[in-house]
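Where a number appears in this text, it was derived from the coordinates with a stated rule and is not lab data. The shown structure was predicted, so the numbers you read here are calculated from the model rather than taken from an experiment. Counting neighbours? That spans all protein chains shown, and the Cβs are built from the backbone with ideal geometry, glycine included.
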Amino acid sequence: MHVTRRHFNQGMAAVAASAAAPLVWAADTVKIGYVSPQTGPLAPFGEADKWVIDQMKAAFKDGVAIGGKKHVVQIILKDSQSNPNRAGEVANDLILKDKVALVLTAGTPETANPVSDACELNEVPCVSSVVPWQPWFFGRKGDPKKGFDWTFHVFWGLEDVIAAYTNGWKSVQTNKKVGGLFPNDGDGNAWGDKELGFPKPLQEMGFALTDPGRFQNGTQDFSAQIAAFKKEGVEIVTGVVIPPDAKTFLTQARQQGFNPKVVTLGKALLFPGALEALGELGDGLSTEVWWSPSHPFNSSLTKQSAKALAESYEASTRKQWTQPIGFAHALFEIAGDTLKRSKSLKAGDVRDAVAATKLKTVVGDVAWGGQGPFKNVSKTPLVLGQWVKGKKYRYELEIVNDETAKEIPVSGRLKLR
């Protein structure tokens, strides 16, 4: 067969077109890593993550344009198993094997700190949350003059939780004698720290703190702490314990005739499931509230209000809303906004885009370099809540003091147990 130059050129053009077609139509992929405790004693912090990630798959279904080019978004969830060593390992897997562009992490220092450390070491941008900023920053030996280069944090600080708790305690009649439950972990050591934690401000406000010393998570016997509190006439119990330890302590306190007027605990009393497990012991317990359906904020990504987001969770899971929903959602708001503004997927460009964030999210305004104590910390509002017998659920969380964040409305007043 005789092949003319025109036929030859047409044939070559067709070959070229077929070879180029996949390049024209196939979008590149950008990977976002997410590390949280899906199992182990800290699992309530990660309970809503899979639901949030499903929501994000829908939000990112059309991809995201980075540096003028459309990218498919892939989210990779890793379980820290509530173990700091495991958290560091899976963070390294995300960085070195999966080649993620950005790491997100949340759920106590035992997860967020080792993940942040792995990212700082490997020069990969990371945004963390659900850890008061002091255990995140100082727990990682952060230098206030330098800060960190690759890791950014969004949450409140110990100064906020101390203010929220004490504002509530001042509103009720007690002898101002406080018993502290501070375990030997990242949170407990920060909350109990004589300078950074509760002891100094409590003393300045006229509260007398009894701190029987550090204990291990999973302790089965709180007799020593209860005896110390009874001896000192403690009427307020505070601290930061994991949910199983709160149940052990409260059960043994009841058995040993110790009935404080106020119990305000961080960490353990955040979750509806923990209150269900406490049964009648749950009535009247108080805790910090970092996010709720009554927070007056909207998602930059889905446009849902905090109320709509909580209602959507309850409708699709048949479970009561839980505080980490808001912050898991907000981390992805930050990720989406960062990637859209990033010049490229080079780690330095993504990091610079994170640092330049100025975003209104479902947990409030997020901005680094002006909304926190250091350039790597952006603070969010905090109020005090109390679990009361509910209409829809056995216990419902009422906001009872908003002196630290007046934009968040109260629905009741702190009552003695």
| Two-site FRET efficiency, LEU416 against LEU96, from Cβ-Cβ distance with R₀ of 51 Å, rounded to 0.05 | 0.45
| request: Only one of the values [x] 61, 48, 41; [y] 106, 47, 37; [z] 76, 48, 37 was calculated from this structure for Cα extents along the principal axes in Å; name its label. | output: [y]
| field | Bridge type composition, the chain - antiparallel percent by DSSP, nearest 5 | value | 35 percent
| Extended-chain gain in nm, criterion 0.36 nm per residue less alpha-carbon gap, ALA227 and ASP54 | 57.5 nm
| request: Pull up all non-local amide H partners of VAL240: gap of 5 or more, or a different chain, and H-to-H distance under 5 Å with H placed in the peptide plane. | output: LEU181, GLY266
| query | Per-residue HN-Hα couplings for segment 122-127, Karplus 6.51 cos²θ - 1.76 cosθ + 1.60 at θ = phi - 60°, whole Hz, x for Gly and Pro? | reply | 8, 6, 10, x, 9, 10
| message | I want to check the label-to-label distance for THR174 and LYS200. Put each point 7 Å from Cα in the C-beta direction and report it in nm to one decimal. | response | 2.2 nm
| Residues VAL388, VAL30, VAL35, sorted so that the one with the fewest Cβ neighbours within 10 Å comes first | VAL388, VAL30, VAL35
| query | To the nearest Å, what is the center-to-center distance of segment 183-228 and segment 325-391, using C-alpha atoms only? | reply | 30 Å
| request: Treat each spin label as a single point 7 Å out from the Cα along the C-beta direction, and report the GLN74 to ARG254 distance in nm. | output: 5.0 nm
| request: Pull out the extension gain between LYS146 and THR317, defined as 0.36 nm times the separation in residues minus the alpha carbon to alpha carbon distance; nm, one decimal. | output: 57.2 nm
| At 222 nm, what helix-only mean residue ellipticity would the chain give, in deg cm²/dmol to the nearest 500, using -39500 (n - 2.57) for each DSSP H run of four or more? | -11500 deg cm²/dmol
